[in-house]
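The values are calculated or read from the model by the stated rules, or taken from the named source; none is laboratory data. As the structure is a prediction and not an experimental result, all values here were calculated from the model. FYI the Cβ positions are ideal-geometry reconstructions off the backbone, even for glycines, and counts take in every protein chain you see.
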Amino acid sequence: MPKPKTFTAWLKTHADQSSAIGDLAQDVSADPEWPSRKGLPGQRDYLEERGPIPAAIETWERAWKQYEEYRVAQGDA
């Protein structure tokens with residue numbers, strides 16, 4: 001069974017969507033400092049350090065939930 005994508009790799013596959021998660025994916029794809037290897041806590045800290053609007057954090061949390069569902073579907077959780 002193939003190994004599931006990382007959160008960042010999974011998120012970037014949504015960059016072509018017209019949605020809040022698609023917008024987040026585009027922002028992450030364009031950010032050379034995005035902490036892709038820091039996982040949930042490190043990425044949340046990174047976002048919060050930049051003073052986002054609450055909707056941005058909510059979108060990121062929703063994306064993590066969808067990513068976790070993807071991992072379960074891949075048999076990795």
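Quick notes on this structure:
- Residues in the stretch 1-18 that are in a loop (DSSP other than H, G, I, E, B) and surrounded by 15 or more Cβ atoms within 10 Å (Cβ to Cβ): PRO4, LYS5, HIS14, ALA15.
- Looking only at the stretch 19-77, and only at residues there that are among the aliphatic types (A, V, I, L, M) and part of a loop (DSSP other than H, G, I, E, B), the one that is surrounded by the fewest Cβ atoms within 10 Å (Cβ to Cβ): ILE53
- Within the stretch 48-71, tally of residues that are under 21 Å from LYS5 (Cα atoms), of a type in the set (A, V, I, L, M) and at pLDDT below 95: 0
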